[in-house]
Amino acid sequence: MDPIEALRGIVGEAHCLTDPSLRATYETDWTRRFSGTALAVVRPGSADEVAAVLRACAEAGLGVVPQGGNTGLVGGSVPRGGDVVLSTLRLREVADLDREAGEVTAGAGATLASVQSVAREAGWDVGVDLGARDSATIGGMVATNAGGVNVLRHGPMRRQLLGFEAVRADGSIIRRLPGMPKDNTGYDLGGLLAGSEGTLAVITRVRLRLVPPLVHRAVAVLGWPDAASAVTAAGRLRRELASLTALELFTDAGLELVIRHAAVAAPFATRTSVYLLAEVGSDAADPTDELLTALEAIGVDEDAAAVASDPGGRHRLWQLRERHTEAVNAEGIPHKLDVSVPAARYAELVERAPQVVAEVDPAARTISYGHVGDGNVHVNILGPAADDDRVDDAVLGLVLELGGSISAEHGIGVAKVGWLERDRGSVTVDAMRALKRAWDPSGILNPGVLFAADS
Ligand code: FAD
Ligand code: MLT
Ligand code: ZN
């Protein structure tokens, strides 16, 4: 049978999109750097339909690109040409919330914001939070092992997983639901799927552990003359502040873009080279005094410090950091290099990244920001053509020289395929390929992601 007819028969005419205008938003990624044409976009409504779609695609030899909110930043969520995009957006049920245990089951296509809302109504919260919360899906977040702003407190998505349901390339369904906080029954397959970027299975549901909500919060933005002093201060804040929930860094070049594109005001009149954002939170008492005492202890410049405890003030300060992604995008199509380095090399990376970029492309602009509490820098480069990888290579080479990782939280996608082996070594990558062959022998799941398509 014609594969399109088979897919229509499974998901229904309305959920098998072949018209180019209907496919378009599924075919280009959030950065606009990566795009490709899909044979069709299918939107199954259940795990059984996902299974039938995968069987039909396997029979027709079609590549399948799982897609959630399409907010991924390494090109792994869009087709490379002729693939079927399997959108999870109809799998959005949030159910079985256990108020006593603090657990909930989310469909892969549920947005983070929708799960946060259900959890908060029940007096709980989700341990991972990120700026794309209104679009990023729980399935995509598990598939990328997303990090975000609270990793130093609660860890990345993998740490939130209690159970899962996923469909393998042959259409078989693996289910471990609800799952338990302690469960040593052989291989941790949920943990394996976290970070697998759609190359091993399509995740259809997950059981998440929830965290106590932070009723009281305070946020500070602090200016520093250079990256080294900011990173030293960040280390001291980690030691001083037991209630720390987030520790972020950005530079004046990024702040300038946010002011220009997001219509927000600078945090204080003094402009400095580098800024830290620190958030403290507690479910019991107001942590503002603890924050102020720590700021005094580390000796901040009062002309370059803003502190807010009220929701409006906190939101304004958070906007300065969170809106970097869209502000950079508004300037052009960025090369986005999400990397991490040991804490002792963080400042060096922030200082040297623009230099190595300028060596290969003097006209390029480098804007760095990131989760300094996790050693994670997002190096964004504006200027080079989308397919000109020289600046990417320069930054990733520097990261390996500094003993870091070429992907901290966004994954490998298609953007960093050429660098996986240089980072992890051939023995490790061979072990990964063996897993890929075992789970997806015909290689239909997200071909070209993690490994080159023909390898
Ligand atoms: P998609 O983009 O749709 O897919 C991402 C990858 O997962 C692809 O390889 C896709 O094939 C695979 N996939 C998707 N769903 C499934 C599924 N159900 N089963 C199997 N594979 C699947 N990321 C962070 O880690 N931290 C941040 O702080 C952060 N902030 C962001 C802020 C903004 C403004 C934006 C635009 C992005 C940000 N991101 C961040 C990146 C992005 O939001 C995350 O990678 C997120 O996890 C992607 O979720 P998604 O549903 O959009 O997945
Ligand atoms: C962030 O921390 O803002 C995100 O990971 C997105 C980005 O890198 O721009
Ligand atoms: Zn990030």
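Taking the stated definitions as given, is residue 126 more than 8 Å from ligand 1 (Cβ to nearest atom), in contact with a helix residue (DSSP H, G or I) (Cβ under 6 Å, 6 or more places away or on another chain) and in contact (Cβ under 8 Å) with a residue 40 or more places away in the chain?
Here the answer is yes, as residue 126 does meet what is asked.
Taking residue 305, is it farther than 26 Å from residue 133 by Cα and surrounded by 14 or more Cβ atoms within 10 Å (Cβ to Cβ)? Lay out the reasoning, then the answer.
Numbers: farther than 26 Å from residue 133 by Cα: yes; surrounded by 14 or more Cβ atoms within 10 Å (Cβ to Cβ): yes.
Judged against the criteria, residue 305 is a match.
Close contacts from the stretch 399-418, counting a first residue that is under 18 Å from residue 350 (Cβ atoms) and hydroxyl-bearing (Ser, Thr, Tyr) and a second that is away from ligand 2 (no atom under 14 Å from the Cβ) and outside any loop (DSSP other than H, G, I, E, B), with Cβ to Cβ under 7 Å and a gap of 6+ residues or different chains, come to 405/423. Only one entry in 410, 315 is within 29 Å of residue 142 (Cβ to Cβ) and in contact with a strand residue (DSSP E or B) (Cβ under 8 Å, 6 or more places away or on another chain), namely 410. The residue that is farthest from residue 62 (Cα to Cα), among those in the stretch 432-442 that are free of Cβ contacts under 8 Å to residues at least 60 places away in the same chain and surrounded by 12 or more Cβ atoms within 10 Å (Cβ to Cβ), is 432.
Screening residue 179 with (1) in a loop (DSSP other than H, G, I, E, B); (2) within 16 Å of ligand 3 (Cβ to nearest atom); (3) surrounded by 17 or more Cβ atoms within 10 Å (Cβ to Cβ) gives one miss only, at (2).
A search for C-beta distances below 9 Å between a residue of the stretch 318-336 that is within 10 Å of residue 131 (Cβ to Cβ) and any residue that is of a type in the set (A, V, I, L, M, F, W, C) and near ligand 1 (Cβ under 10 Å from one of its atoms), counting only pairs 6+ apart in sequence or on different chains, returns 318/149; 321/149; 322/130; 322/149; 325/30; 325/73; 325/132. Restricting 208, 193, 177 to residues that are near ligand 1 (Cβ under 8 Å from one of its atoms) and modelled with pLDDT of 95 or more narrows the list to 193. Taking the stretch 393-432 only, how many residues are closer than 19 Å to residue 446 by Cβ and within 16 Å of ligand 1 (Cβ to nearest atom)? Adding up the residues that qualify gives 13. Of the residues making up the stretch 162-180, those that are over 20 Å from residue 444 (Cα atoms) and either of a type in the set (Asp, Glu) or touching a strand residue (DSSP E or B) at 6+ places or on another chain (Cβ under 6 Å) (or both) number 8. For the stretch 129-158, a tally of residues being in contact (Cβ under 8 Å) with a residue 24 or more places away in the chain and in a loop (DSSP other than H, G, I, E, B) returns 13.
Residues of the stretch 55-88 that are of a type in the set (A, V, I, L, M, F, W, C) and in contact with a Ser or Thr (Cβ under 9 Å, 6 or more places away or on another chain): 58, 65, 73, 74, 78, 85.
The values are calculated or read from the model by the stated rules, or taken from the named source; none is laboratory data. A quick note: this is a predicted structure, and the numbers were derived from the prediction, not measured. Positions of Cβ are backbone-derived with ideal geometry, glycine not excepted, and every protein chain shown enters the neighbour counts.
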